[in-house]
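The values are calculated or read from the model by the stated rules, or taken from the named source; none is laboratory data. It should be emphasised that the depicted structure is a prediction, and the values quoted were computed from it without experimental measurement. So basically every Cβ, Gly included, is an ideal-geometry build from the backbone, and we count neighbours across all protein chains shown.
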Amino acid sequence: MLPLPVLERVREALPDWDGSGMSVMEVSHRGRAFRQVAERAEADLRELLAIPDDYAVLFLQGGATLQFAMVALNLAEQHSVADYLRTGAWSKKAHAEAGRLCRARLAADASANGYTRIPPSADWAPDPRARYLHYTTNETIGGVEFAFVPEAGGVPLVADMSSDILSRPIDIPRFGIIYAGAQKNIGPAGLTLVIARRDLLGRARAGIPSMLDYQAHADAGSMLNTPPTFAWHVAGLVFQWLKEEGGLTAMAERNRRKAHKLYAAIDGSSFYSNAVDPACRSRMNVPFVLADPALDARFLEQADTAGLANLKGHRSAGGMRASLYNAMPEAGVDALIDFMRDFETQCA
Ligand SMILES: *Cc1c(COP(=O)(O)O)cnc(C)c1O
């Protein structure tokens, strides 16, 4: 979901952007006008997240999925060890992809509890030789989110923040590399953000394509080839909107309230349930099931009629999932809760 004011700004400027007589999609990425867009987007992001100068910000392509591989190719050799915390479907994929490229191991694994809890850090078994420790801050499908930053014991911490970046302030210096596909909580698909501590650049494995080398992208100002200019532009408008809304502290408070309300409604009913340990429930993605799955289709159909879209759970999980990204207003959550109560009454 994108903020309506951003969509309106995009619509307004679509045929004639900034008096250029063209849309932003038609200008050259090398021209002065687009360079300003690119620079402002980076400056606004740096301000929002308080990103120190010793971190590079890269605007890349290939999605978070390409980062599963790029992280391993830039920080590890084929024979080196990399640690993963497996807490759901996305960290499982990240670990599996790294396994093709280095000795990826599991420092913690929540598969045994059905990915409903993050194992206590006292039970983790990290390898001190690991080149990095990777985790997924928010499991978009399972609805499991870290409420804390893991202690990496001196090893660079790598985080996939695809579905909760910009939802709250982040203590950037705790991280080696942060990456996020833009399409969940930033902007349109096609753009991938990477925030990397500069001393971790320039270590890419020999022989890899330059398009997979962080240093090459950093040297080229994320314009090693034609970047996804439109997505970059819209992401920049989202950053401006976030600043206007009071920044990430305000977002964090809003997101906390939205999630709290929805979980309270689910927990307060015997008709709906969410199996995730309350200590690690996601503020962004709230999966829930109906007591009788035979009612799922009716629930989704009536929700759709009521203007409540995209509630079907991920195909691997079933049930329902409400995504409460930054752009979802509190009124949207209220409408969902009202609908859920009405549906429950109707089925009783
Ligand atoms: C969606 C998602 C991905 C995959 O993103 P792509 O950009 O489609 O590659 C990876 N990690 C998380 C946490 C996600 O939510």
Can you find even one residue in segment 140-160 that is modelled with pLDDT under 95, in contact with a Pro (Cβ under 7 Å, 6 or more places away or on another chain) and away from the ligand (no atom under 15 Å from the Cβ)? yes
Go through (1) free of Cβ contacts under 8 Å to residues at least 40 places away in the same chain; (2) touching a Phe, Trp or Tyr at 6+ places or on another chain (Cβ under 7 Å) and name the single condition residue 307 misses. (2)
Hits in segment 48-73 - residues which are crowded, with 17+ Cβ neighbours inside 10 Å, under 25 Å from residue 251 (Cα atoms) and more than 15 Å from the ligand (Cβ to nearest atom): 48, 49, 51, 55, 56, 57
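Looking at segment 161-176, which of the residues that are closer than 26 Å to residue 1 by Cα and more than 14 Å from the ligand (Cβ to nearest atom) is surrounded by the fewest Cβ atoms within 10 Å (Cβ to Cβ)?
Applying the first criterion (closer than 26 Å to residue 1 by Cα) to segment 161-176 yields 161-172.
Pick out the ones that are also more than 14 Å from the ligand (Cβ to nearest atom) and you get 168-172.
Values: 168: 17, 169: 14, 170: 22, 171: 9, 172: 16.
Once the filter is applied, the top-ranked residue is 171.
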Report yes if residue 202 is free of Cβ contacts under 8 Å to residues at least 60 places away in the same chain and not aromatic (Phe, Trp, Tyr), otherwise no. yes
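When you scan segment 176-269 for helices (runs of 4 or more DSSP H) that lie fully inside it, which ones turn up with 1 or more residues that are in contact with a strand residue (DSSP E or B) (Cβ under 9 Å, 6 or more places away or on another chain) and under 30 Å from residue 291 (Cα atoms)? Steps first, please.
Working: elements: 214-219, 229-244, 247-267.
Of the helices (runs of 4 or more DSSP H) lying wholly inside segment 176-269, those with at least 1 residues that are in contact with a strand residue (DSSP E or B) (Cβ under 9 Å, 6 or more places away or on another chain) and under 30 Å from residue 291 (Cα atoms) span 247-267.
Look at segment 35-52 and say how many of its residues are touching a residue at least 24 places away in the same chain (Cβ under 8 Å) and assigned to a helix (DSSP H, G or I).
Of segment 35-52, the ones touching a residue at least 24 places away in the same chain (Cβ under 8 Å) are 37-38, 40-41, 44-45, 47-52.
From the residues that got through so far, the ones that are assigned to a helix (DSSP H, G or I) too are 37-38, 40-41, 44-45, 47-49.
Adding up the residues that qualify gives 9.
Here's a check for you: in segment 8-32, which residue that is touching a Leu at 6+ places or on another chain (Cβ under 9 Å), surrounded by 12 or more Cβ atoms within 10 Å (Cβ to Cβ) and aliphatic (A, V, I, L, M) is modelled with the highest pLDDT?
Let us first name the residues in segment 8-32 that are touching a Leu at 6+ places or on another chain (Cβ under 9 Å), namely 9-10, 23-25.
Still in the list and also surrounded by 12 or more Cβ atoms within 10 Å (Cβ to Cβ): 9-10, 23-24.
Restricting the remaining residues to those that are aliphatic (A, V, I, L, M) gives 10, 24.
Numbers: 10: 96, 24: 93.
Per the stated criteria, the residue is 10.
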Looking at segment 15-30, which of its residues are under 27 Å from the mean Cα position of the chain (by Cα) and free of Cβ contacts under 8 Å to residues at least 40 places away in the same chain? none
Counted residues in segment 85-107 being under 21 Å from the mean Cα position of the chain (by Cα) and part of a strand (DSSP E or B) come to 2
In segment 43-70, how many are under 16 Å from residue 179 (Cβ atoms) and in contact with a helix residue (DSSP H, G or I) (Cβ under 7 Å, 6 or more places away or on another chain)? 12
What's the total number of residues in segment 125-145 that are in contact with a helix residue (DSSP H, G or I) (Cβ under 7 Å, 6 or more places away or on another chain), part of a loop (DSSP other than H, G, I, E, B) and in contact (Cβ under 8 Å) with a residue 60 or more places away in the chain? 4
Say we look at segment 313-348 and pick out the residues that are modelled with pLDDT of 95 or more and of a type in the set (Lys, Arg); which of these is nearest to the chain's Cα centre (by Cα)? 321
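Any residue at all in segment 213-220 that is surrounded by 13 or more Cβ atoms within 10 Å (Cβ to Cβ), of a type outside the set (Gly, Ala, Ser), more than 16 Å from the ligand (Cβ to nearest atom) and within 20 Å of the chain's Cα centre (by Cα)?
Filtering segment 213-220 for residues surrounded by 13 or more Cβ atoms within 10 Å (Cβ to Cβ) gives 213-220.
If we keep only those that are of a type outside the set (Gly, Ala, Ser) too, we end up with 213-215, 217, 219.
Cutting the leftovers down to more than 16 Å from the ligand (Cβ to nearest atom) gives us 213-215, 217, 219.
Those left that are additionally within 20 Å of the chain's Cα centre (by Cα): 214.
Looking through segment 213-220, at least one residue is surrounded by 13 or more Cβ atoms within 10 Å (Cβ to Cβ), of a type outside the set (Gly, Ala, Ser), more than 16 Å from the ligand (Cβ to nearest atom) and within 20 Å of the chain's Cα centre (by Cα).
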Looking at segment 71-84, can you tell me whether even one residue there is among the charged types (D, E, K, R), over 29 Å from residue 274 (Cα atoms), out of contact with any Leu (no Cβ under 8 Å at 6 or more places or on another chain) and not in a strand (DSSP E or B)? yes
